[in-house]
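The values are calculated or read from the model by the stated rules, or taken from the named source; none is laboratory data. Every value quoted in this text rests on a predicted model; they were computed, and no experiment measured them. All Cβ positions, even for glycine, are placed from backbone atoms using ideal geometry, and neighbour counts span all protein chains on display. The area values use the complete protein model at the heavy-atom level, side chains included, leaving out ligands, DNA and RNA. Shrake-Rupley method; radii C 1.70, N 1.55, O 1.52, S 1.80 Å.
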Amino acid sequence: MKKFLAILASTLMAVSLIGCGSDTSAGEPAAEPAAEPATQEAAPAAETSGDSDLSTKKVGVCIYQFSDNFMTLFRTELENYLISLGFAKENITIQDGANDQATQTGQIETFIADGVDVLIVNPVNSSSAATITDKVVEAGIPLVYINREPDADEEKRWEDNKWNVTYVGCDARQSGTMQGEIIADLGLDAIDFNGNGKVDYIMIEGDPENVDAQYRTEFSVKALEDAGLEVNCLSDQVGNWDQTQGQQLCANALGQFGNDVEVVFCNNDAMALGAKQAIADAGRTVGTDIYLVGVDALTEVCEDVLSGAITGTVFNDHIAQSHSAADAAVNFLTGAGNEYYIGCDYVKVTKDNAQSILDSLG
Ligand code: BGC
């Protein structure tokens, strides 16, 4: 009984119900996402020295959570690239926000007190961006946001005030669309194992603090509908970008809906790796009686796409994004300035190109 209660408690903890359909109120991000890039205009570098000796410049980097697989790839590449540009390793400090905004805000305050020359911030709560921006701008430090996009009002403030603040990231609507297209391209006959004429799917969502979760959910389904397919959402829940939670949610859905689950959409690859395990545990076979897609193109997932254990993924280019973030930091330091939004394209990954994506990851 005790064991049962423990399992029940951990299941309840892992499961945060969102529900199917367009009403995602329980999982909506705290703030409206920026619908369009704020501007293409370059921000002037009002407060920077124009001194381009990078070896003496101090860079503070805040990551929302070190245990996130994708952000681990991102921060490793960011540090290496900063060093290749001429920054000294000892002048680059990277802090783990441990998924707690108060902790991260404290780290930002310490960076300000230490007199860093530029800050790169992956916010824990994108809804806290205005508070973070105010502190950093007041201290005269240029700021590059990454991965979790602040809302449109916040981005407009940077432009209106001509602050040295920018955002570097990809438009997650594109990744959602690509996930949907990977499934739609299979054709209804291949997908419709239960013969009800619909694509019966489950959705496993990331933490709504990153607007990527909302966009990937919405646009993956929209791509199916745009391809003329009828969809049926069996379950839509939040797995917080986490492999263990993804596995648990997928196992629960497979237990509840059995062979009716034809497609498992995961907002990222970590949760897809969890879902892959749950699918195997349920005696199902990807590509034979179920399909599974993620986003990020982690090495392990590209290998799974090649072997057929995962149907497809979408490359979330951490290399291009980390380089753009570092380049933006340099542009602020040298006085060149930046646009207020710096974008990047996703790449669809299927069996056809998974090897070349793997090769490009090195
Ligand atoms: C990635 C996820 C990651 C999240 C962190 C997303 O863009 O696809 O894997 O967990 O960012 O905010």
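Data overview
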read-out	value
For the chain, the longest site-free run once GluC sites (Glu not before Pro) in DSSP loop states with at most 13 other Cβ atoms within 10 Å are removed	42-229
Gained length - Asp134 relative to Asp153, 0.36 nm times residue gap less alpha-carbon distance	5.5 nm
Solvent-accessible area of Leu188 with every protein chain in place, 1.4 Å probe, in Å² to the nearest 10	60
Additional length obtainable on full extension of the chain from Leu188 to Leu361, 0.36 nm per residue less Cα span	59.0 nm
For the chain, the Rg and Dmax computed from alpha carbons only, in angstrom	21.1, 67
Extension gain (nm, one decimal) between Ser307 and Asn196, 0.36 nm per residue minus Cα-Cα	37.1 nm
Ranking by accessible area, most exposed first, for Trp163, Trp158, Trp241 with a 1.4 Å probe	Trp163, Trp241, Trp158
Accessible area (Å², 1.4 Å probe, nearest 10) - His323	50
Projected-area average for segment 173-315 over all orientations - Cα convex hull basis, square nanometres	7.0
Contact order relative to length of the chain, as percent, for alpha carbon pairs under 8 angstrom and 6 or more apart	22
Rounded Å value of the spacing that divides the Cα centres of segment 82-153 and segment 280-311	36
Distance between modelled label sites at Asp226 and Leu85, nm, 7 Å Cα→Cβ extension	3.3
Accessible heavy-atom area order of Asp192, Asp359, highest first, probe of 1.4 Å	Asp359, Asp192
Surface share of carbon and sulfur [accessible, 1.4 angstrom probe, percent] for segment 64-118	47
Helix runs (DSSP H) in the chain reaching 20 Å along axis by Cα, Kyte-Doolittle at least -1.0	69-85, 211-226, 243-257, 318-334
About the Cα centre, charge dipole magnitude for the chain (Lys/Arg +1, Asp/Glu -1 at Cβ), debye	840
Accessible surface, segment 173-315, averaged per residue in Å² (probe 1.4 Å)	33
Under 20 Å from Lys162, Cα to Cα: lysines that are on another chain or at least 8 residues apart	Lys135
Share of carbon and sulfur in the accessible heavy-atom surface of segment 173-315 [1.4 Å probe, %]	42
